[in-house]
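Peer 1: Shown below is the structure under consideration.
The values are calculated or read from the model by the stated rules, or taken from the named source; none is laboratory data. What you are looking at is a predicted structure, and each value in this text was computed from that prediction instead of being measured. Glycine also receives a Cβ, built like all others from the backbone with ideal geometry; neighbour counts cover every protein chain displayed.
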(Lines give C-alpha, C1' and ligand atoms only; values in the text may rest on other atoms or scores of the structure.)
Protein backbone atom coordinates (compact mmCIF):
# COMPACT_ATOMS: atom_id res chain seq x y z
CA UNK A 1 0.00 0.00 0.00
CA UNK A 2 2.83 2.43 0.86
CA UNK A 3 4.63 1.68 -2.42
CA UNK A 4 1.40 2.27 -4.36
CA UNK A 5 0.90 5.58 -2.57
CA UNK A 6 4.47 6.65 -3.31
CA UNK A 7 4.07 5.76 -6.99
CA UNK A 8 0.81 7.68 -7.11
CA UNK A 9 2.44 10.74 -5.54
CA UNK A 10 5.39 10.53 -7.96
CA UNK A 11 3.01 10.21 -10.92
CA UNK A 12 0.97 13.14 -9.67
CA UNK A 13 4.10 15.30 -9.30
CA UNK A 14 5.15 14.46 -12.86
CA UNK A 15 1.72 15.41 -14.18
CA UNK A 16 1.74 18.71 -12.34
CA UNK A 17 4.90 19.73 -14.14
CA UNK A 18 3.06 19.63 -17.47
CA UNK A 19 -0.64 20.19 -16.78
CA UNK A 20 -2.93 22.40 -14.75
CA UNK A 21 -5.75 19.79 -14.58
CA UNK A 22 -5.62 16.12 -13.67
CA UNK A 23 -7.98 13.40 -12.48
CA UNK A 24 -6.94 10.78 -9.93
CA UNK A 25 -9.15 7.71 -9.63
CA UNK A 26 -8.68 5.67 -6.47
CA UNK A 27 -10.04 2.20 -7.22
CA UNK A 28 -9.85 0.99 -3.60
CA UNK A 29 -11.84 3.97 -2.32
CA UNK A 30 -14.10 4.18 -5.42
CA UNK A 31 -13.43 7.94 -5.54
CA UNK A 32 -12.50 10.42 -8.24
CA UNK A 33 -10.54 13.60 -7.52
CA UNK A 34 -10.27 16.45 -10.02
CA UNK A 35 -7.26 18.69 -9.45
CA UNK A 36 -6.82 22.12 -10.96
CA UNK A 37 -3.66 24.08 -10.23
CA UNK A 38 -2.62 21.48 -7.60
CA UNK A 39 -5.88 21.83 -5.63
CA UNK A 40 -8.74 19.37 -5.33
CA UNK A 41 -11.73 21.16 -6.86
CA UNK A 42 -14.13 18.24 -7.27
CA UNK A 43 -14.69 14.81 -5.65
CA UNK A 44 -17.15 12.12 -6.76
CA UNK A 45 -18.13 8.64 -5.63
CA UNK A 46 -17.70 5.99 -8.32
CA UNK A 47 -18.47 2.49 -9.40
CA UNK A 48 -15.61 1.03 -11.45
CA UNK A 49 -15.05 -2.34 -13.14
CA UNK A 50 -16.07 -5.50 -11.35
CA UNK A 51 -13.71 -8.36 -10.52
CA UNK A 52 -13.87 -10.13 -13.91
CA UNK A 53 -13.97 -6.90 -15.97
CA UNK A 54 -11.71 -4.55 -13.99
CA UNK A 55 -11.04 -0.94 -14.82
CA UNK A 56 -7.48 -0.89 -16.22
CA UNK A 57 -4.94 0.86 -14.02
CA UNK A 58 -2.58 3.32 -15.65
CA UNK A 59 -2.06 6.81 -17.02
CA UNK A 60 -4.46 8.11 -19.67
CA UNK A 61 -5.69 11.30 -21.30
CA UNK A 62 -9.22 12.36 -22.08
CA UNK A 63 -9.33 12.13 -25.87
CA UNK A 64 -13.06 12.46 -26.57
CA UNK A 65 -15.99 14.13 -24.83
CA UNK A 66 -19.60 13.47 -25.76
CA UNK A 67 -22.69 14.65 -23.84
CA UNK A 68 -25.03 12.04 -25.39
CA UNK A 69 -22.92 8.92 -25.91
CA UNK A 70 -24.28 5.43 -26.47
CA UNK A 71 -22.20 2.29 -26.03
CA UNK A 72 -21.64 0.42 -29.30
CA UNK A 73 -20.79 -2.70 -27.25
CA UNK A 74 -23.58 -2.78 -24.63
CA UNK A 75 -26.13 -0.53 -26.40
CA UNK A 76 -26.81 1.65 -23.36
CA UNK A 77 -26.81 5.39 -22.84
CA UNK A 78 -23.66 6.81 -21.22
CA UNK A 79 -24.32 10.52 -20.62
CA UNK A 80 -21.38 12.89 -20.17
CA UNK A 81 -18.92 10.35 -21.58
CA UNK A 82 -15.19 11.11 -21.54
CA UNK A 83 -13.10 8.53 -23.42
CA UNK A 84 -9.62 7.67 -22.19
CA UNK A 85 -6.84 7.29 -24.81
CA UNK A 86 -9.23 6.11 -27.54
CA UNK A 87 -9.84 2.95 -25.49
CA UNK A 88 -13.20 1.19 -25.19
CA UNK A 89 -13.82 2.65 -21.73
CA UNK A 90 -14.18 6.02 -20.08
CA UNK A 91 -15.80 8.12 -17.39
CA UNK A 92 -19.58 8.71 -17.57
CA UNK A 93 -22.82 8.95 -15.62
CA UNK A 94 -24.17 5.57 -14.59
CA UNK A 95 -25.67 3.51 -11.82
CA UNK A 96 -23.53 3.39 -8.70
CA UNK A 97 -24.42 0.60 -6.25
CA UNK A 98 -21.52 1.60 -3.97
CA UNK A 99 -19.06 -1.06 -5.14
CA UNK A 100 -17.26 -2.05 -8.39
CA UNK A 101 -20.00 -3.20 -10.78
CA UNK A 102 -19.28 -1.89 -14.29
CA UNK A 103 -17.83 -3.60 -17.36
CA UNK A 104 -14.66 -1.51 -16.92
CA UNK A 105 -15.96 2.03 -17.28
CA UNK A 106 -15.83 4.56 -14.48
CA UNK A 107 -19.39 5.40 -13.47
CA UNK A 108 -20.17 8.66 -11.72
CA UNK A 109 -23.36 7.85 -9.80
CA UNK A 110 -24.92 11.31 -9.75
CA UNK A 111 -26.13 13.00 -12.94
CA UNK A 112 -25.40 16.51 -11.53
CA UNK A 113 -21.88 15.36 -10.55
CA UNK A 114 -21.27 13.79 -13.98
CA UNK A 115 -22.43 16.99 -15.69
CA UNK A 116 -20.26 19.19 -13.45
CA UNK A 117 -17.20 16.97 -13.95
CA UNK A 118 -17.76 16.99 -17.72
CA UNK A 119 -17.94 20.79 -17.78
CA UNK A 120 -14.89 21.25 -15.53
CA UNK A 121 -12.63 18.79 -17.37
CA UNK A 122 -10.98 19.87 -20.62
CA UNK A 123 -10.01 17.42 -23.36
CA UNK A 124 -6.42 16.36 -22.91
CA UNK A 125 -6.71 16.19 -19.11
CA UNK A 126 -4.44 13.53 -17.62
CA UNK A 127 -6.11 10.69 -15.74
CA UNK A 128 -4.34 8.36 -13.29
CA UNK A 129 -6.18 5.19 -12.33
CA UNK A 130 -4.77 3.26 -9.39
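Peer 1: What pairs come up if the first residue lies in the range 18-29 and is on the phi < 0 side of the Ramachandran plot and modelled with pLDDT under 95, the second is part of a loop (DSSP other than H, G, I, E, B) and surrounded by 17 or more Cβ atoms within 10 Å (Cβ to Cβ), and their beta carbons are under 6 Å apart, counting only those six or more places apart or on different chains?
Peer 2: Matching pairs, first to second residue: 21/125.
Peer 1: Scan the range 81-130 for residues that are assigned to a loop (DSSP other than H, G, I, E, B) and in contact (Cβ under 8 Å) with a residue 24 or more places away in the chain and report the count.
Peer 2: 22
Peer 1: Go through the range 30-59 and count every residue that is closer than 20 Å to residue 115 by Cβ, out of contact with any helix residue (DSSP H, G or I) (no Cβ under 9 Å at 6 or more places or on another chain), surrounded by 15 or more Cβ atoms within 10 Å (Cβ to Cβ) and in contact (Cβ under 8 Å) with a residue 12 or more places away in the chain.
Peer 2: 4
Peer 1: So, in the range 60-89, of the ones that are in contact with a helix residue (DSSP H, G or I) (Cβ under 8 Å, 6 or more places away or on another chain) and either over 16 Å from residue 123 (Cα atoms) or surrounded by 12 or more Cβ atoms within 10 Å (Cβ to Cβ) (or both), which residue ends up modelled with the lowest pLDDT?
Peer 2: My answer is 79.
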